[in-house]
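Just so it is clear, none of the values below were taken in a lab; they were calculated from the coordinates. All values derive from a computational prediction rather than experimental measurement. Cβ placement follows ideal geometry from the backbone for every residue including glycine, while neighbour counts extend to all protein chains displayed.
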């Protein structure tokens with residue numbers, strides 16, 4: 001259809017209304033590619049999809065597709081990247097969950113002969129991969145101790161080393177002999193090392209390694225010699241932890257890599273399903289009616305209303321064209 005005609009019909013405003021009712025970024029992108037079709041079978045299929053979605057929407061009040069993050073960029077570089085980050089892996093797990101839920105809802109709620117059922121049947125779920133990611137990763141900042149036996153062992157050793165260092169430093173900062181040397185009786189961390197804040201003038205009274213100082217220079221953050229060896233052990237464990245986390249992320253990424261194309265296609269299908277339900281929402285809000293199609297080029301509109309004119313101001317009209325005459 002000519003762009004001039006689409007502009008006259010204010011087609012872009014209808015698309016904007018549709019986009020506002022879409023739940024995910026991919027369905028909103030699909031709205032931007034929509035153009036009217038003159039193919040009978042295509043139009044019939046799209047109308048029936050919308051009608052099926054409207055029936056289900058009336059029953060459930062929602063789209064079967066939950067909003068999900070756009071992880072297409074991660075899928076594109078999955079083969080090139082050594083490993084994805086915790087946030088990226090959790091994002092992909094969210095996509096896998098959204099596909100699984102959408103497939104389950106539609107399999108349960110619509111008939112096997114329906115267009116929606118066939119569309120949902122194209123979704124390929126990977127529940128074991130989804131569950132493995134969620135088992136290993138608690139949030140973007142934390143990997144579960146039990147993600148691997150090695151990580152569990154390392155973190156147990158870290159907690160023990162941490163306790164030993166803090167126990168030694170606590171005995172020092174509680175000591176009356178040390179208290180006058182300290183700005184505050186606290187333990188803090190600088191550069192991954194446990195330190196205490198020592199007044200600059202008492203530097204010689206607290207032997208150890210200086211890891212930082214205050215902006216004024218009045219406070220030195222010193223790791224006392226008595227805990228340096230314990231600190232070295234803790235720092236070594238930190239490095240082992242980082243290596244093991246990287247290994248776990250690499251393993252999870254390798255687990256997903258063979259399914260990258262399937263997951264990408266799932267995202268596209270979920271976008272299509274969500275778009276159908278966006279049409280259903282808009283249809284219900286406009287009190288729209290599904291037309292009965294014919295191949296005779298007959299058009300009959302009974303009490304048709306302009307969708308962009310407020311309901312309290314619009315004047316319904318009847319149009320009958322294609323049999324006795326072909327132009328208005």
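Under 8 Å for C-alpha pairs, at least 6 residues apart: give me the relative contact order for the range 5-152, rounded to a whole percent.
20 percent
If the chain between residue 302 and residue 70 were fully stretched, how many nm would it gain, using 0.36 nm times the residue separation less the Cα-Cα distance?
The residue 302-residue 70 span can extend by a further 79.3 nm.
Tell me the label-point distance for the pair residue 11, residue 33, using the 7 Å Cα-to-Cβ offset, in nm and rounded to one decimal.
1.6 nm
Give me the angle, in degrees from 0 to 90, between the Cα long axis of helix 40-60 and the longest principal axis of the Cα atoms of the chain, rounded to the nearest 10.
Tilt relative to the chain: about 60 degrees.
Considering the zone a paramagnetic label at residue 251 would reach in this model (a point 7 Å from Cα along the Cα-to-Cβ line), which residues of the range 105-135 have amide N under 14 Å from it?
132-135
For residue 162 and residue 209, FRET efficiency with R0 = 22 Å and r from the beta-carbon atoms, rounded to 0.05?
Computed FRET efficiency for residue 209 and residue 162 comes out at 0.75.
Would you mind getting the Kirkwood hydrodynamic radius of the chain from its Cα pairs, rounded to one decimal in Å?
Final number for the Kirkwood radius of the chain is 25.5 Å.
If you line up the long axis of helix 225-256 against the longest principal axis of the chain, both from Cα atoms, how many degrees apart are they, to the nearest 10?
20 degrees
Output the relative contact order of the range 147-244, whole-number percent, from Cα pairs under 8 angstrom with separation of 6+ residues.
Taking the mean separation of contacting Cα pairs over the length of the range 147-244, I get 28 percent.
Rounded, prolate or oblate: which one fits the range 100-163, using the alpha carbon gyration tensor with axes a ≥ b ≥ c (rounded when a/c is under 1.5, else prolate when a/b beats b/c, else oblate)?
Taking the square roots of the gyration eigenvalues as a ≥ b ≥ c, the range 100-163 is prolate.
How many angstrom lie between the Cα centre of the range 190-264 and the Cα centre of the range 81-146?
So the separation of the two Cα centres works out to 35 Å.
By average Cβ neighbour count within 10 Å, what is the ranking of 222-230, 4-12 from highest down?
In descending order of packing, they fall as 222-230, 4-12.
Which of these, 105, 309, 26, has the largest mean-square fluctuation under a Gaussian network model of the chain (Cα springs below 10 Å)?
309
Within 10 Å, count the other beta carbons around each residue, average over each peptide in 59-67, 236-244, 29-37, and list them highest first.
59-67, 236-244, 29-37
So what is the 222 nm mean residue ellipticity for the chain from helices alone, if each DSSP H run of at least 4 adds -39500 (n - 2.57) and you divide by all residues, rounding to the nearest 500 deg cm²/dmol?
Calculated at 222 nm, the ellipticity per residue is -17500 deg cm²/dmol.
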